[in-house]
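Only the coordinates and a few stated rules stand behind these numbers; no lab work does. Just so you know, these numbers come straight off a predicted model, no measurement behind them. As a convention, Cβ positions derive from the backbone with ideal geometry for all residues, glycine included, and neighbour counts pool all protein chains shown.
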Amino acid sequence: MSTDAIVLLKEDHKEMRRLFREFEKAQEGPAGRRRKVVDEIVAALTTHTYLENEVMYPQVRKLLPDLEDDILESYEEHHVADVLCAELSAMDASDDHFVAKTTVLIENVEHHIEEEEQEWFPKVREALGRNPLQEIGERMIALRPDAPRSPDDPKAIKSARHATTA
């Protein structure tokens with residue numbers, strides 16, 4: 001298993017894309033199936049966002065101040081996803097807006113993933129190199145078991161607040 005932070009984040013992105021495809025298949029089915037898939041999406045996004053907000057973004061911001069604007073934009077994109085995740089967690093899956101809200105979440109996250117993978121990650125990899133990315137990845141791996149999986153987890157709430165004031 002790689003400890004490279006970018007590799008780890010791309011693995012998360014791959015899992016989220018898989019969950020998004022699963023939701024597309026489930027959206028016309030029973031509400032219980034939609035609920036299950038959305039709960040999985042929310043858990044994956046909450047953990048991923050926490051690791052980026054607590055480890056990746058602060059470290060890159062410290063080491064590569066020229067990328068400050070990119071990082072601040074990413075924090076704000078995470079904030080939008082956090083709000084949608086919290087709203088979806090509180091909604092009934094049979095609500096008329098449930099599929100539409102999930103679709104908006106997926107579209108926003110796909111846009112964020114695309115920007116990270118196509119623009120931001122290459123800049124970070126070139127500027128930092130292997131060892132710093134492995135150190136950042138090791139910190140992310142160490143935090144993952146205790147990372148929040150629900151938007152109402154106090155750690156997730158604290159991380160989201162910290163990110164919007166960073």
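Shown for M16, M1: other C-beta atoms within 10 Å of each C-beta, ranked fewest to most, produce the order M1, M16.
Listed values [x] 16.7; [y] 17.2; [z] 16.2 include one computed from this model; for Kirkwood radius over Cα pairs in Å that value carries the label [z]. A simple charge model with +1 on the Cβ of Lys and Arg, -1 on the Cβ of Asp and Glu and nothing else charged puts the dipole of the chain at about 620 debye relative to its Cα centre. Highest mean packing comes first when the peptides 137-146, 103-112 are listed by Cβ atoms within 10 Å, giving 103-112, 137-146. Counting other Cβ atoms within 10 Å as a rough exposure proxy, the listed residues L45, L72, L19 run L72, L19, L45 from fewest neighbours to most.
When each of H13, H79 is scored by the number of other beta-carbon atoms lying within 10 Å, the sequence from fewest to most is H79, H13.
Placing unit charges on each Cβ (+1 for Lys and Arg, -1 for Asp and Glu) gives the stretch 83-164 a dipole about its Cα centre, and among A86, Q134, W120 the Cα reaching farthest toward its positive end belongs to Q134.
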